[in-house]
1. Being over 30 Å from residue 164 (Cα atoms) and crowded, with 17+ Cβ neighbours inside 10 Å narrows it down to one of 14, 5, 25, so name that one.
2. Given the conditions (1) farther than 21 Å from residue 130 by Cα; (2) surrounded by 12 or more Cβ atoms within 10 Å (Cβ to Cβ); (3) without any contact (Cβ under 8 Å) to a residue 12 or more places away in the chain, report the number of the one that residue 49 does not fulfil.
3. For region 97-154, name all the residues that are at positive phi and touching a strand residue (DSSP E or B) at 6+ places or on another chain (Cβ under 7 Å).
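Bear in mind that the values in this text are calculations on the coordinates, not laboratory data. Treat the numbers as computed from the prediction; the structure is a model and nothing was measured. Please note: Cβ atoms are built from the backbone with ideal geometry, for glycine as well, and neighbour counts cover all protein chains shown.
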Ligand SMILES: CC(C)(COP(=O)(O)OP(=O)(O)OC[C@H]1O[C@@H](n2cnc3c(N)ncnc32)[C@H](O)[C@@H]1OP(=O)(O)O)[C@@H](O)C(=O)NCCC(=O)NCCS
């Protein structure tokens, strides 16, 4: 499996996944404090089998737009761009999580900076957006720290674990 490095900022690096990531993905992703902020496609519980299935999908992805985040040489989380189709093909949705032991070290902030550059200058996108649950203050903060602007609130747009939430939409465009 590829180990191509997409970018590096100090202690934070983003790279393609490899099969040795499975155990650490399962260890960090199996956490309701992470899954409760993400779509239902993100499993909870997150088993090693789920991690292996995920890595098999990643191996086939072409072009690759989902990456592992490393902090000081250790796998610490995932970050992705999901480019749109048809008339939305110059836009992408960003997604990310950091394993709880690595929170509040600036890792998401640096990783977002790296993937935004990859999106604008390698994928030639013009816009990157993110929709977050209204309660996710840490995610709002890392987007704002990277120059994303709040564009609006989609009232009652998201349902998670039986509760309906407002979605806050953030975006950055290349000329920002
Ligand atoms: C959101 C997340 C990616 C942040 O990762 P991180 O590496 O800890 O982020 P950073 O250290 O770069 O920055 C965190 C910022 O949020 C702030 N923050 C953390 N928890 C917060 C909270 N509960 N309320 C308000 N701000 C908070 C920190 O103080 C920091 O801001 P600062 O630099 O101004 O002090 C991580 O918490 C996570 O993976 N959460 C679960 C998954 C998720 O929410 N993914 C995003 C879905 S849209």
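1. 14
2. Condition not satisfied by residue 49: (2).
3. Residues satisfying the conditions are 147, 152.
To keep it simple, each residue is scored yes or no on (1) more than 29 Å from residue 167 (Cα to Cα); (2) surrounded by 17 or more Cβ atoms within 10 Å (Cβ to Cβ); (3) within 16 Å of the chain's Cα centre (by Cα); (4) within 16 Å of the ligand (Cβ to nearest atom).
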site: 10; (1), (2), (3), (4): yes, no, no, yes
site: 39; (1), (2), (3), (4): no, no, yes, yes
site: 44; (1), (2), (3), (4): no, no, no, yes
site: 71; (1), (2), (3), (4): yes, yes, yes, yes
site: 81; (1), (2), (3), (4): no, yes, yes, yes
site: 96; (1), (2), (3), (4): no, yes, yes, yes
site: 108; (1), (2), (3), (4): no, yes, yes, yes
site: 114; (1), (2), (3), (4): no, yes, yes, yes
